[in-house]
Amino acid sequence: MKTRVRAKVVGRVQGVGFRPTVYRYAMQFGLCGFVCNGPHGVTLEVEGDDGKVGAFFDCLTHEPPQQAVIADIQTEVLGTKGYRNFEVIESEQQGQATVHISPDLATCDDCLKDILGAKNRRCGYAFTNCTNCGPRFTIIRDVPYDRDKTSMAQFSMCERCEREYHNPLDRRFHAQPNACQHCGPRLQLRVADGTASDDADLAKTKELLRRGRIVAIKGIGGYHLACDAMSAESVARLRRRKHRPHKPFAVMFRNIAAVKQLCEVNEAEEAELLSAARPIVLLTRKLAGRRLAGGISPDTNTIGALLPYTPLHHLLLRDFDTLVMTSGNLTDEPIISDEVELPTLLGPIAEAALTHNRPIVHKCDDSVLRVVNGQRQFSRRARGYVPNPIRIAASGTPQLLAVGGELKNTFCLVRDGNAFLSQHIGDLKDYKTYDYFSSEIESWKQLMRIEPQVIAYDLHPGYLSTRFATLAPIPHKIGVQHHHAHIASVMAEHNLHDPVIGVALDGTGYGTDDTIWGGEFMVADRHDFERVAHFKQYRLPGSDKGVEEPWRMAVSVLTAEGLDEAATRKFPALKWGLVQRMIKTGFNSPLTSSAGRLFDAVAAILGLCDVTSYEAQAAIRLESIADPRVTDRYPFAVQTGNRPWMLDFGPTIRAILDQRRQGVAVGEISAKFHNTMAASVLHTCRFLRGQHDLNVVALSGGVFQNELLLRRTVEALQSRHFRVFTNTAVPLNDGGLALGQAVVAAERTKRTCV
Ligand SMILES: [Zn+2]
Ligand SMILES: [Zn+2]
Ligand SMILES: [Zn+2]
């Protein structure tokens, strides 16, 4: 019996070779009909033998193209129409856009063979790609994903590329960025003295790098600054010019074997490094890893490693085992992505720039993650993952926008239960970053066809994202407490709906009592929360200055605990008295229960870091010296007289000072402090389990980026049979905040509508 079936396929089905696969299966089963892209995804019709149509759908759902994600297929059986052949037809332009845009994909093995194959017509061509790989999100202006809606529109294909593009059996069939050296984008080397050359750019670039020069290299989502990772002199010069004395630089390795020579790599880490997203993965440096310039990550024994992900990277890294590849920007500013901004890098920082003429539509930094307890943990979620959606509800959510926090900002748009978290935007206090934030929101709204009815924001009145929300012409505004948002982001990721014990150990977040929170225990659901316990409050002398200068926090803690005489000598004597006065009068010294600040204070007391040059530097140094063999801990107290309870680490600080005086090694003291934190979380959660009959714990907040702390806390909780969840799909720092805000806002809107 003959039949005709129409199907609408939604999900990540454009820019991933979906239509060619449909075509191939239709040919295989001798079916007629058509396939086309539309704003919602892919529409197809197949006509033929009943059994063969069934087999066709079997294949399509069980063996879709490598990079495709089918969210749903709706089929409809219709009367036969008498199609004579199977065709790929023009895209439908009408209808609601719901297609999921693919993230950028690392160069596939087939394309790698093309660019390295001496006889291939794409040999050495830096912009080679196919339907399985290449830029996507960063070149898309609008949907459906067709070439004229990308930044490839300005390049007309030559005859041979055109043939590939129209041949359904070719790997480059409808590969929108398809190009070759005759018709596609080209490299250009610009030297700081103003000269530009158009030939042998790659060879000259390699020569400059070999001679220790810094070269700005245009990639997929912006420029990198590259230099020889083995040259201490080049790395030091890059640090000087970038005004970045300590924050680690990422290193690109030639291949996985080169990574393994210098770093410890387990199976999960290898899989991350080799994935199509190609993130920067934080790895432990081996002894041999000392061959890398010491200046690459002076505060830690880890290396941020990544593998080549564009043809250009592969061509460059043929001649180097390693290159520093750090974001091409000035501190706190967004990554530079076009030639107008290039003078910021070329001259002041880099001696040369290897650019190209394919415009970048969306800036997008490299993603950064590590693997903890076998699970992915993002510190920055951007290229390779954005704009993949995160499912937060079955459906029926209003269209909404959550604007995130202030530092490490991301925003989030929600439609039909899917949350689209933006790429890492950065620190909104910088004007250029704020500008980028506002323009990306506009462009995402267009791309996702979302017109928000609701806007969610942080309660901090000083955040620029909060001000943006206040001014936005969206009638329904929902403020979400910072740490509730952190916990809600975990609940969303793991599909948790019942109340949980939320533990947010964090740097800074505005509380409902107008003080700064950051060591928080809550009983929370997606709608609301109760603050049930928190760290003891201390003054933060100088506010932001107190965050940048951990010694101030040390003075504050020591003074409050009546221990100041014990440690006076170690701190800048002149300012000591001034800071003490600030603490006593409270002048510009808000109260804070921040766990991050407690780590700062301990690091400063141990003499590890008085003044930071990047966020969380003191805590990072404290973690990196901890002796992992140490298992005991210091005393602490929990005051349960009033709600919320208070965790008091005064006894901990006192014991640390005693041990310091006795000459105990700082590595041991640091480990015992970490263990104390983990024990205090367990202790409090056990109390709460008794009172609230809750057994699920959600951990979030930037302080848990400390791997030792997270491991110890999870181990402690699991040993007492708690079910423990933390962020794995979004950062547990403020980069994940927007997702949590979106979840809370969606829940509150749902309840008001009922
Ligand atoms: Zn490819
Ligand atoms: Zn061509
Ligand atoms: Zn936070």
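Structural remarks
- For the stretch 575-645, a Kirkwood hydrodynamic radius built from all Cα pairs, placed in the Stokes-Einstein relation at 25 °C and 0.890 mPa s, yields a translational diffusion coefficient of 165 µm²/s.
- Mean residue ellipticity, 222 nm, helices only, the chain: the sum of -39500 (n - 2.57) across DSSP H runs of n ≥ 4, divided by residue count and rounded to 500, is -10000 deg cm²/dmol.
- Crossing angle, helix 550-560 versus the chain [Cα axis fit, 0-90 degrees, rounded to tens]: 40
- For the chain, the equivalent ellipsoid built from the Cα gyration tensor has semi-axes of 47, 33, 22 Å, listed from largest to smallest.
- Sites listed here are trypsin sites (Lys or Arg not before Pro) in the stretch 93-166 whose DSSP assignment is loop and whose Cβ has at most 10 other Cβ atoms within 10 Å: LYS119.
- Cleavage-rule hits, trypsin sites (Lys or Arg not before Pro), the stretch 567-646, DSSP coil, Cβ neighbours within 10 Å at most 12: ARG629
- Radius ratio Rg over Rh of the stretch 101-184, counting only Cα atoms, Kirkwood formula for Rh: 0.94
- Each of the peptides 1-7, 725-731 was scored by the mean count of other Cβ atoms within 10 Å over its residues; in descending order, highest first, they stand as 725-731, 1-7.
- Against the chain, whose longest principal axis is taken from its Cα atoms, helix 737-753 shows a tilt of about 80°.
- Of the beta bridges in the stretch 187-369, as assigned by DSSP with both residues counted there, near 75 percent are antiparallel.
- Per-peptide average of other Cβ atoms within 10 Å, ordering 423-430, 394-401 highest first: 423-430, 394-401
- Between helix 18-28 and the chain: long-axis angle, C-alpha atoms, 0 to 90°, nearest 10: 40
- With Cα atoms defining each centre, the stretch 360-428 and the stretch 287-335 are spaced 24 Å apart in the structure.
- Distance cut-off 20 Å, percentage of C-alpha pairs in the stretch 19-105 lying past it: 35
- Ranked by the mean number of other Cβ atoms within 10 Å of their residues, highest first, the peptides 525-533, 201-209 come out as 525-533, 201-209.
- Antiparallel DSSP beta bridges within the chain, as percent of all bridges there, nearest 5: 75
- Local electrostatic count at LEU105 - Lys and Arg +1, Asp and Glu -1, tallied over other residues with Cβ under 9 Å: +1
Rule-based calculations on the coordinates, nothing more; no lab input. The model shown is predicted, which means the values in this text are computed figures rather than measured ones. Backbone-built Cβ (ideal geometry, glycine too); neighbour counts: all protein chains shown.
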